[in-house]
Amino acid sequence: MNNEMETMYETIYNQILHYQNQLEAILCQNSDTLQEEEQEQFNRMSIALQASKDILENMLTPGKKLNFIYEKGMFSLEMFDEK
């Protein structure tokens, strides 16, 4: 089971990296022509992918609060105690 879990973790993590690279490539190719709505979509996708990666990289134990600070914003994640 442990090996399966590690394989799944690596698969998900690598897929996030892949999507981040794809998103950056799209931005580089189209940065001058992006409409406001497309720029907003890019920002949301970028933050979501980075946050996903950060959540995977950090230990989430009950009672722990994490603050993720990015150039475009910040969010907090708090794990409640399991009672």
Restricting the first residue to the range 36-49 and requiring it to be under 15 Å from GLN20 (Cα atoms), which pairs with a second residue that is open to solvent by 80 Å² or more (accessible area, probe 1.4 Å) meet a Cβ separation below 6 Å and a spacing of at least six or different chains?
-> ASN43/LYS72; LEU49/TYR19
Scan of the range 49-83 for residues that are in contact with a helix residue (DSSP H, G or I) (Cβ under 9 Å, 6 or more places away or on another chain) and not acidic (Asp, Glu), ordered by number = LEU49, GLN50, SER52, LYS53, LEU56, LEU66, PHE68, TYR70, LYS72, GLY73, PHE75, LEU77
Quick one: in the range 60-82, which of the residues that are under 16 Å from MET45 (Cα atoms) and either open to solvent by 60 Å² or more (accessible area, probe 1.4 Å) or touching a Leu at 6+ places or on another chain (Cβ under 6 Å) (or both) is modelled with the lowest pLDDT?
-> LYS72
Quick one: in the range 1-53, which of the residues that are more than 18 Å from PHE68 (Cα to Cα) and among the β-branched types (Val, Ile, Thr) is surrounded by the fewest Cβ atoms within 10 Å (Cβ to Cβ)?
-> THR33
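The values are calculated or read from the model by the stated rules, or taken from the named source; none is laboratory data. What you see is a predicted model; the values in this text were computed from it and never measured. Counting neighbours? That spans all protein chains shown, and the Cβs are built from the backbone with ideal geometry, glycine included. Each accessible area value is taken on the protein alone, full model and side chains, heavy atoms only, with ligands, DNA and RNA left out. Shrake-Rupley method; radii C 1.70, N 1.55, O 1.52, S 1.80 Å.
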